[in-house]
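Everything below concerns the one structure shown next.
The values are calculated or read from the model by the stated rules, or taken from the named source; none is laboratory data. Values in this document were obtained by computation on a predicted structure and should not be read as measured data. No Cβ is skipped: glycine too gets one built from the backbone with ideal geometry, and neighbour counts run over all protein chains shown.
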Amino acid sequence: MWKFIVLLAATVSTAFAFGSEKPNIVYILADDMGPGDVVAYNQDCKFPTPNLDRLAMEGMKFMDAHTNSSVCTPTRYGILTGRYAWRTYLKSGVEHGHSMHMIDPERETVASLLKKHGYATACVGKWHLGMDWTSTDGKSIRETAPLNVDFSAPLTNGPLDLGFDYFFGISASLNMDPHAYIEGREILGTLEFLKDKAEVKKRGFTGAKPGWAAKEFVQSQVLPDFTRKTCEWIKEKASAEQPFFVYMPLNSPHSPIVPSSAFAGKSGLSPHGDFCMETDWAVGEVLRTLEEAGVAENTIVIFTADNGTSPAAKLAPMQERGHFSSWIYRGLKGTTWEGGHRVPFLVRWPKGIAKGSVSKDLICTTDLIATCADLLDTNLADNVGEDSVSFLPALQGKRIPNVETRGVVHHSDSGAFAIRRGKWKLLLDNRGGSRRANPKDKPVVNAADLLLFDLDDDPGETRNVSREYPEIVESLKKLLAEYINRGRSTPGAPQKNDPLPRNKEWRQVDILEEYLD
């Protein structure tokens, strides 16, 4: 059955067909990259990003895009499941290289949904959602530098068990062990144990923690290898009739900041700038591959980031030279300030999106699974994508329904909450949920225990207005409590949040106690 959607845009009137012409989808996730690190957003960016700028010129730029968390693991969970990660046992922090699986294998993911609808699926890059390792002695395995891992045993409850046909990548961040590639269920290379920082340094690693490492593993080659593997897989699948989905979570520009020799020093600004330029190059290689394979016209390419820029980027020296990774926003990675979770979000789809278009609608990284379901003209079950809203209408040049009344929840590295609805944003922790600070930020005017900001008038979150609008404060507290109580933030049957781990308390929600079930 042919189904056409006409784009209501001033310059373009196109239609796309389902059935044999389902669009390919490539989702590229940068790691620790703020909107100020992309020229398409920040005209004062001090290094070029031509391929990202091209995505904006040839597609749509979202001006109000956010992550569900301001650190790695929870954002990735939200992208693949459409569910806030704080609904799981992970109430703060991130997983590690040997952590057990976080996503229940029975839970629908973007990959499993698309696979059911005929897509070939691949994940190439940094996983950071846990997977199950086998012990040599039957005992539990530490999350970092364990001594009882059977590396010859196949990995389970990882990407291949969550809808992906193919996986090549690393288990967590580049600074976490095991410092080795994984392909499918197998860890690659000859492994050795680096027992301390001296051995890590001798091995030539930057900013890495002791633990297991493959002798063949080179930090600065990880991004080029991810790019090469992604492009090879696209070339292979592009010749088939089957549509494909690639999830490409990069290791860059996250620390250790290790641009390859081709990019070291290239920005003239900082290693962070160099690594951002190499990230832009990786995007360009994917675009080139799609074009050479003849599939660019009906491929949706999405580029975004998992959170804002990290303090590891050494922000102060860059700011002295006029480069602001968080752009006009307060905060950085790990915080509930805008700079922690407001990210670049660019979408190109020549067959379906007007060139140079801009959306000011509020969207979240949890929204991918609902958008894919909308593309496929299928409904999500009540226990799927509980916090996901389709942004397909925005791609069509329309407003997202009910976007003005939608609440989006943000979460810090310490597990502190913020909630946004319309122009109002409430922070439940007056430090932004973290001790991390952006050097450019000044103290909030009229600070209080709870902070309320009018983002239309004050996008930089400089002046608290909670005392002036106590009714807004209470309404947002009630809304957050409702989202917690119902196990979802979207319409549908109430769902259950995962149980708290034994002997654990969820202190970050104490302030909502009067409204919680």
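Taken together, the residues in region 238-257 that are more than 16 Å from His117 (Cα to Cα) and either modelled with pLDDT of 95 or more or touching a helix residue (DSSP H, G or I) at 6+ places or on another chain (Cβ under 8 Å) (or both) amount to 12.
Contact map, region 29-52: residues that are on the phi > 0 side of the Ramachandran plot and crowded, with 24+ Cβ neighbours inside 10 Å paired with residues that are in a helix (DSSP H, G or I) and among the hydrophobic types (A, V, I, L, M, F, W, C), Cβ distance under 8 Å, separation 6+ or inter-chain. Pairs shown: Asp32/Ala312; Asp32/Ala313. Where strands (runs of 3 or more DSSP E) fall entirely within region 154-237, those with at least 1 residues that are among the acidic types (Asp, Glu) and either surrounded by fewer than 19 Cβ atoms within 10 Å (Cβ to Cβ) or out of contact with any Ser or Thr (no Cβ under 9 Å at 6 or more places or on another chain) (or both) are at 191-194. The set of residues in region 124-141 that are within 21 Å of Ser69 (Cα to Cα), under 18 Å from the mean Cα position of the chain (by Cα) and not charged (D, E, K, R) comprises Gly125, Trp127, His128, Leu129, Gly130.
For region 207-222, which positions are touching a helix residue (DSSP H, G or I) at 6+ places or on another chain (Cβ under 6 Å) and either hydroxyl-bearing (Ser, Thr, Tyr) or modelled with pLDDT of 95 or more (or both)? Steps first, please.
Quick first cut of region 207-222, residues touching a helix residue (DSSP H, G or I) at 6+ places or on another chain (Cβ under 6 Å) only: 208, 210.
If the condition is that a residue be touching a helix residue (DSSP H, G or I) at 6+ places or on another chain (Cβ under 6 Å) and either hydroxyl-bearing (Ser, Thr, Tyr) or modelled with pLDDT of 95 or more (or both), then Pro210 is the only one that fits.
Only one residue in Asp382, Asp361 is surrounded by fewer than 24 Cβ atoms within 10 Å (Cβ to Cβ) and closer than 15 Å to Arg420 by Cα. Which one? Exactly one residue qualifies, and that residue is Asp361. Of all the residues in region 92-129, those that are without any contact (Cβ under 8 Å) to a residue 40 or more places away in the chain and either in contact with a strand residue (DSSP E or B) (Cβ under 6 Å, 6 or more places away or on another chain) or surrounded by 16 or more Cβ atoms within 10 Å (Cβ to Cβ) (or both) number 1. If only residues of region 457-516 that are touching a Pro at 6+ places or on another chain (Cβ under 9 Å) and charged (D, E, K, R) are counted, the one that is nearest to Lys423 (Cα to Cα) is Arg488. Here Pro439 clears all of (1) in contact (Cβ under 8 Å) with a residue 40 or more places away in the chain; (2) more than 25 Å from Trp327 (Cβ to Cβ); (3) surrounded by fewer than 18 Cβ atoms within 10 Å (Cβ to Cβ) except the condition numbered (2).
Being under 25 Å from Leu191 (Cβ atoms) and not in a loop (DSSP other than H, G, I, E, B) is the filter here; which residues of region 238-259 pass it? Of everything in region 238-259, just one residue is under 25 Å from Leu191 (Cβ atoms) and not in a loop (DSSP other than H, G, I, E, B), namely Pro249. Restricting region 332-359 to residues that are among the charged types (D, E, K, R) and in contact with a helix residue (DSSP H, G or I) (Cβ under 9 Å, 6 or more places away or on another chain) leaves a set whose member that is farthest from Pro393 (Cα to Cα) is Lys333. Do we find that Trp327 is of a type outside the set (Gly, Ala, Ser), at positive phi and in contact with a strand residue (DSSP E or B) (Cβ under 9 Å, 6 or more places away or on another chain) in this structure? Yes; evaluated as a whole, the condition is true for this residue.
Within region 438-465, being aliphatic (A, V, I, L, M) and in contact with a helix residue (DSSP H, G or I) (Cβ under 8 Å, 6 or more places away or on another chain) holds for Leu450, Leu452, Leu455.
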